[in-house]
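Everything on this sheet refers to the single structure shown next.
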Amino acid sequence: MKRIGMVVPYFGTFPDYFPLWLLSCGCNPDVDFLVFTDDRRPFEWPENVKVTYLGWKQMQKKVRDCFAFPVKISRPYKLCDFRPAYGEIFAGELAGYDFWGHCDLDVVWGALREFVSEDLLNRYDRLFYRGHFSLYRNTEKINGLYRCPVEGKPLYRKVFEDAAPWVFDEWTGIGRIFDEQKIPVYDGRVVADIYADDYHFTVNGDQWDKQRPQVFLWRKDKGGRCRVFRYYRDRCDFVRQEFMYIHLQKRDMVLTPGKRPADAYLIVPNRFIPCEGLARLLEDPETEDETAAAMIRKFYRRRPVNWGLLRKKCARRFRKLKCYFTR
């Protein structure tokens, strides 16, 4: 089986539901997560999550040492633009892995290796275009591909020399390079990428999703693996759909505290609720529809405006404008 190493630098305080991210990582033991952080609080670190403590200045130096020209990386968020170069920046840590990747912390993993099969890894040099999850073949050619010109110009230098974010890790940057180099990328629709600006759950890319009352469930199966399911109503029927992970971008989520991590969590628009008994009812075909209907009735609330997310959006735009006028 091919080895996968996920590179996860994060500076500042981990999100409130970071323990659930860790729990879902631990349920994917055939993927390693290499975390680089300055948050030294105690957590239950699974064996496949390997943490390295370092300060932000040390991280800045690690990035700058990889380039012969001055790069601007004043804020941790700017690291997103350097993600396509992680294969070179973290070359020592990634030695021995067949694929490396990057991901966000506002995700909860399902059964990763059931969606990222050996067949896909044999056929593609890159899997998924998204900044919140993407995999690259760990070879010299693919690791240096970000240096290729875009429309005849070295776009990466312009991006790395600018303190402002360019979203170089997605379609406008490395995605364009893969397209111009005619290297196919696998991008199956197996991710519950939740639209950020509505309170209720809407999966991006699904034109009918705004009309679907829905909730999600994360649970461990009997073998210790984890899965992410969506339950929604389609006319008179209730549908269960499995995803590789759920991405809760820019959404405030509360993780209900407990004495120990639960084996199942109901995921509603503002929190994670331990629900092991509910998960057992959903596994039973005789009670699945009735239980799903009850969940949706209780937790689906359509709100025309999500004021919390609107305030965040305004603050983001203000920061972008401030960065633009001060660079």
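The values are calculated or read from the model by the stated rules, or taken from the named source; none is laboratory data. Please read all numbers here as calculations on a predicted model, not as lab measurements. Glycine gets a Cβ as well: all are built from the backbone with ideal geometry, and neighbour counts include every protein chain shown.
Take the residues of segment 172-182 that are at pLDDT 90 or above and loosely packed, with under 15 Cβ neighbours inside 10 Å: which is nearest to the chain's Cα centre (by Cα)?
So the residue we want is Asp179.
Looking at segment 106-128 only, could you name the residues that are within 24 Å of Ile267 (Cβ to Cβ) and buried (at least 17 other Cβ atoms within 10 Å of the Cβ)?
The answer is Asp106, Val107, Val108, Trp109, Gly110, Ala111, Leu112, Arg113, Phe115, Val116, Phe128.
Quickly run through segment 14-49 and pick out the residues that are acidic (Asp, Glu) and touching a residue at least 24 places away in the same chain (Cβ under 8 Å).
Asp16, Asp30, Asp32, Asp38, Asp39, Glu44
In segment 253-302, which residue that is touching a residue at least 60 places away in the same chain (Cβ under 8 Å) and among the basic types (Lys, Arg) is surrounded by the most Cβ atoms within 10 Å (Cβ to Cβ)?
Here the answer is Arg301.
Out of curiosity, is Phe115 under 18 Å from Ile246 (Cβ atoms), touching a residue at least 24 places away in the same chain (Cβ under 8 Å) and of a type in the set (Phe, Trp, Tyr)?
So Phe115 fits the description; yes.
Could you please let me know if Glu88 is touching a Cys at 6+ places or on another chain (Cβ under 7 Å) and either outside the structural domain of Asn143 (by TED's automatic domain parsing) or at pLDDT 95 or above (or both)?
Yes.
Can you run down the residue pairs with Cβ atoms below 7 Å, 6 or more apart or on separate chains, where the first is in segment 53-67 and touching a residue at least 60 places away in the same chain (Cβ under 8 Å) and the partner is of a type in the set (A, V, I, L, M, F, W, C)?
Close Cβ pairs (under 7 Å, with a partner that is of a type in the set (A, V, I, L, M, F, W, C)) amount to Phe67/Phe160.
Yes/no per residue for (1) surrounded by 20 or more Cβ atoms within 10 Å (Cβ to Cβ); (2) modelled with pLDDT under 95; (3) more than 25 Å from Pro257 (Cα to Cα):
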| site | (1), (2), (3) |
| --- | --- |
| Pro29 | no, no, no |
| Leu34 | yes, no, yes |
| Thr37 | yes, no, no |
| Arg41 | no, no, no |
| Glu47 | no, no, no |
| Lys50 | no, no, no |
| Tyr53 | no, no, yes |
| Trp56 | no, no, yes |
| Lys62 | no, no, yes |
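Could you give every pair whose Cβ atoms fall below 6 Å, whose first residue belongs to segment 1-13 and is assigned to a strand (DSSP E or B), and whose second residue is charged (D, E, K, R), counting only separations of at least 6 or pairs across chains?
Gly5/Asp32
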